[in-house]
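Please read the structure below before turning to the comments.
The values are calculated or read from the model by the stated rules, or taken from the named source; none is laboratory data. Bear in mind that the values here come from a model prediction, so they are computed numbers and not experimental data. Here the Cβ positions follow ideal geometry from the backbone for every residue, glycine too, while neighbour counts run over all protein chains shown. In case anyone asks, the SASA skips ligands and DNA or RNA and just uses the protein heavy atoms, side chains included. Shrake-Rupley method; radii C 1.70, N 1.55, O 1.52, S 1.80 Å.
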Amino acid sequence: MKIGVAVLFLAGLFAVASGQENTSMNHALAPSVGLEIGQQAPIFALPDQFGHEHTNETLEGPKGTVILFFRSADW
């Protein structure tokens with residue numbers, strides 16, 4: 001009985017090890033998401049939490065604009 005359990009345990013270890021992905025293949029370049037540095041954002045108009053509409057132009061400051069989308073934990 002103990003030998004059977006040991007054999008099953010070892011077979012499970014080999015199955016897990018053989019099922020791992022090849023790490024050399026995982027380093028392929030992922031497709032880029034979003035804008036490239038220096039690329040202009042598309043024109044948009046979105047309401048804020050108070051219903052006021054904001055556009056690229058209304059949000060732009062003297063050094064440009066940074067937009068951060070934050071998803072809270074309670075969504």
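For residue 45 and residue 73, a Förster radius of 35 Å and the Cβ-Cβ distance give a FRET efficiency of 0.80, rounded to the nearest 0.05. Put simply, the amide H of residue 54, placed in the peptide plane, has neighbours under 5 Å in 46, 48, leaving out anything fewer than 5 places away on its chain. With a 1.4 Å probe rolled over the protein heavy atoms of all chains, the accessible area of 32, 72 falls in the order 32, 72, largest first.
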